[in-house]
Amino acid sequence: MKWLAKVLANRMKGVLAKVISKAQNAFVEGRQILGVVLIANEVIDSILKSNGGAILCKLDIEKAHDHVEWSFLLTIMEKMRFGEKWLKWIKWCLSKTSFSVLVNGTPSGFFQSSRGLRQGDPLSPYFFVIAMEALSCLLKRAVCGGFLSACQVRGREREGVEVSHLLFADDTLIFCEAHEEQMTFLCWLLMWFEAIFGLKVNLDKSELIPMDRVENVDDLAGELGCKVGRFPSTYLGMPLGASFNSMAAWDGIEERFRKRLAMWKQ
């Protein structure tokens, strides 16, 4: 099984950029973690300069790899036009996955399941971003249907670019207008995603951050069921919504570098 998983992972790596939207920046060739952080900060800066109040939703997905429904994953891959032979191989790799739980610190034996991705499997990262593409498609359709409003980012030549969401694996940012109707629809959208895909958003760890002045931010957070955050924040360990001229914004990153260097010196 291991050799087949490695072969499939190497083949899949080359086609992900064709089937995964540009909003996803994890495990896709040519896309980097720094890129998604820079884009997020550019969106925030553009909104603050335009004085157009909007909302940033930082979502935390609960035990992401454990809850992936295999049947749903295979359906998505079929929609992406993976061949019948490919799907058979993928299904075989998934069906051979077994799990074990610890009871009082002792493994209780292995059992089969119909969900979950195995940590350390070379295919698991690619399976996960394929599954998260379903959320990306739902958000894009919501914007096209007028249920959610993307944020406009102005370029140097005044040509606007719409950004509704950004992803790095399961680390999700959603940009929308500060309207209660949009929060209600977003709440329903996340419920649909959980029911179909099996992934649950941990609202206790998620937060709603107002961009510029938003008078009803507490009501919006209550509608979604999460807490209110504020800038400066962090995303993927990098500053979010902070002044990059401020030395304090980089204190945490500098400290992590110092600790990592100290480990290397040992």
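Some points to look at:
- Within the stretch 54-105, tally of residues that are modelled with pLDDT under 90, within 30 Å of GLY229 (Cα to Cα) and out of contact with any Leu (no Cβ under 7 Å at 6 or more places or on another chain): 4
- Residues in the stretch 11-24 that are surrounded by fewer than 17 Cβ atoms within 10 Å (Cβ to Cβ) and touching a residue at least 40 places away in the same chain (Cβ under 8 Å): LYS13, SER21.
- Flag for LEU8 being of a type in the set (A, V, I, L, M, F, W, C), loosely packed, with under 15 Cβ neighbours inside 10 Å, assigned to a helix (DSSP H, G or I) and touching a residue at least 24 places away in the same chain (Cβ under 8 Å): no
- Against the test of being among the charged types (D, E, K, R) and at pLDDT below 80, the options ARG154, ARG141 yield a single qualifying residue, ARG154.
- Conditions (1) basic (Lys, Arg); (2) within 30 Å of LEU220 (Cα to Cα); (3) not in a loop (DSSP other than H, G, I, E, B): number failed by LYS22: (3)
- In the stretch 32-41, the count of residues that are more than 15 Å from the chain's Cα centre (by Cα) and closer than 30 Å to VAL7 by Cα is zero.
- Subset of the stretch 183-201 that is under 18 Å from the mean Cα position of the chain (by Cα) and of a type in the set (Val, Ile, Thr) - its residue that is nearest to LEU74 (Cα to Cα): ILE196
- Complete set of residues in the stretch 47-63 that are in contact with a strand residue (DSSP E or B) (Cβ under 9 Å, 6 or more places away or on another chain) and either surrounded by 20 or more Cβ atoms within 10 Å (Cβ to Cβ) or within 15 Å of PRO210 (Cβ to Cβ) (or both): ILE47, LEU48, SER50, GLY52, GLY53, ALA54, ILE55, LEU56, CYS57, LYS58, LEU59, ILE61
- For the stretch 170-182, the count of residues that are more than 14 Å from MET132 (Cβ to Cβ), assigned to a strand (DSSP E or B) and within 17 Å of the chain's Cα centre (by Cα) is at least one.
- Taken residue by residue, the stretch 27-39 has at least one member that is within 24 Å of LYS91 (Cα to Cα) and surrounded by 14 or more Cβ atoms within 10 Å (Cβ to Cβ).
- Restricting attention to the stretch 198-229 and to residues that are assigned to a loop (DSSP other than H, G, I, E, B) and among the hydrophobic types (A, V, I, L, M, F, W, C), the residue that is nearest to ASP66 (Cα to Cα) turns out to be LEU199.
- Under the condition of being farther than 19 Å from GLU69 by Cα and touching a residue at least 24 places away in the same chain (Cβ under 8 Å), the residues counted in the stretch 118-170 number 17.
- Boolean, GLY30 is in a loop (DSSP other than H, G, I, E, B) and in contact with an Asp or Glu (Cβ under 8 Å, 6 or more places away or on another chain): no
The values are calculated or read from the model by the stated rules, or taken from the named source; none is laboratory data. Nothing here was measured: the structure is a model prediction, and the numbers come from that model. Using ideal geometry, Cβ is built from the backbone for each residue, glycine included, and neighbour counts are taken over all protein chains shown.
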